[in-house]
Amino acid sequence: MTKRILLTGGAGFIGHHIIDLFLAKTDWEIVSLDRLDYSGNLNRLHNVVSKYPKETQKRVKVVWHDLKAPISQITNNLIGHIDIILHLAASSHVDRSITHPMEFVLDNTVGTVNLLDYARHLPSLERFIYFSTDEIFGIAPPGVAYRERDRYNSTNPYSASKAAAEEFCVAYENTYKLPMFITHTMNVFGERQHPEKFIPMCIKKIRDGEKIFIHSDSTRTVAGSRFYIHAKDVAEAMLFLLTLNEDQTKIIRTPDFGGAKCPKFNIVGKEEIDNLTMVNILADAQGKQANYEMVDFHTSRPGHDLRYALDGDYMRSVGWEPQFSLRERLEDVA
């Protein structure tokens, strides 16, 4: 029987890449639950779905819903039977979380609990994947890369709202036996990303000869760094986690110390890169010179961290890592 997937935020940046991959590599039916705000729009989803034959396009259904409210019986009927839930919908802009923290509590924490409460009443749910973030661990000192179960140290309301939602997911597995997976993903980029994000913003500014402000340390000599990852690689990781074989499942279902059993996975790019080097790669790809200035935002604007880092060894041990180098992915996008 064909699986039916409920994907929250399917019209969003990462969500539409996942839908694209699932249409290409599975026969699954997909219900995209979305409120279609600034971060999600049907044009983006149409761009990827319309390239498939009509019969394939019919496998995608969009249902409007704002998860700040519980899923009603009417919405439940529109969604229909569901085997797997991928929860990607979230507010993710750090600046806005600093000025309007309660919006992020409602969108990310309350919204997740409303979805969990819907999920625990489903008769045959096979998997619920909660899409979390590297930012719950806070700033990573040089040489440190956080593993899946390291402590939280949220440095802004956005990351705190995601950490709180993550703990509710763990609680719902422990209390209601929901089949949870949790992923932590670092900075994601790719085609059709919102222009406010750093990489598409840099691409545009390089093209137009505008100045790029690069976050740096207090000396304005050391640029911030990340393990950037392409949205296509994230989509591949999601499909990998949903198609684990029996031996892989045995590995991840072994409880760790204290009996914690909710599996968590870091989805990480191949290599770390500082933002100045990345800007120069994007400029080279366009055959241009980058116009930039190093700026110490981190001292003047608390809540912005200079470096994030996750350890990807666990996913590699199970059998997955990105196929392409960061430079290859960046050149494709630029």
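The values are calculated or read from the model by the stated rules, or taken from the named source; none is laboratory data. All of these numbers come straight from a predicted model, not from anything done at the bench. Glycine gets a Cβ as well: all are built from the backbone with ideal geometry, and neighbour counts include every protein chain shown. The protein model used for the area step is the full one, side chains on, heavy atoms only, and it has no ligands, DNA or RNA in it. Shrake-Rupley method; radii C 1.70, N 1.55, O 1.52, S 1.80 Å.
Overview of values
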{"read-out": "Only Lys, Arg (+1) and Asp, Glu (-1) charged, at Cβ; segment 1-110 dipole about Cα centre in debye", "value": "360"}
{"read-out": "Segment 93-217: C-alpha gyration tensor shape, a/c 1.5 cut-off, then a/b vs b/c", "value": "prolate"}
{"read-out": "Violating pairs (Cα-Cα greater than 24 angstrom) within the set Lys162/Lys204; Lys162/Lys264; Lys197/Lys270; Lys51/Lys232", "value": "Lys162/Lys204"}
{"read-out": "Length-normalised contact order for the chain - Cα pairs under 8 Å, 6+ apart - percent", "value": "18"}
{"read-out": "Area accessible to solvent at Lys54, 1.4 Å probe radius, in Å²", "value": "150"}
{"read-out": "Spatial separation of Cα centroids for segment 131-170 and segment 187-207, in angstrom", "value": "24"}
{"read-out": "Entry for P(r) over Cα pairs in 10 Å bins from 0, in percent (calculated from the structure that is shown) out of (1) 5, 20, 22, 17, 14, 10, 6, 3, 1, 1, 0, 0; (2) 5, 22, 30, 25, 14, 4, 0; (3) 5, 25, 36, 24, 8, 1", "value": "(3)"}
{"read-out": "Share of carbon and sulfur in the accessible heavy-atom surface of the chain [1.4 Å probe, %]", "value": "53"}
{"read-out": "Extension gain, Asn245 back to Glu167 (0.36 nm per residue minus Cα-Cα distance, nm)", "value": "25.4 nm"}
{"read-out": "Computed P(r) (all Cα pairs; segment 125-184; 5 Å bins; percent)", "value": "4, 18, 27, 22, 15, 8, 4, 1, 0"}
{"read-out": "Accessible heavy-atom area order of Phe168, Phe131, highest first, probe of 1.4 Å", "value": "Phe168, Phe131"}
{"read-out": "Net lengthening on full extension, Thr75/Phe213 (0.36 nm per residue, minus Cα-Cα)", "value": "45.3 nm"}
{"read-out": "For the chain, calculated [θ]222 nm from helices alone, where every DSSP H run of n ≥ 4 adds -39500 (n - 2.57)", "value": "-11000 deg cm²/dmol"}
{"read-out": "Segment 307-321 - phi-based ³J(HN,Hα) in whole Hz, Karplus 6.51/-1.76/1.60, Gly and Pro as x", "value": "9, 10, 7, 10, 8, x, 4, 5, 4, 5, 5, 7, x, 9, 7"}
{"read-out": "Hydrodynamic radius (Kirkwood) for segment 1-101, which is based on Cα pairs only, to one decimal in Å", "value": "14.2"}
{"read-out": "For segment 171-326, Kirkwood radius (reciprocal of mean inverse C-alpha pair distance, Å)", "value": "17.8"}
{"read-out": "Area accessible to solvent at Tyr314, 1.4 Å probe radius, in Å²", "value": "50"}
{"read-out": "For a label point 7 Å along the Cα-to-beta-carbon line of Ser124, residues of segment 148-184 with backbone N under 19 Å", "value": "178-180"}
{"read-out": "Residue-normalised accessible area of the chain, given per residue in Å² at a 1.4 Å probe", "value": "44"}
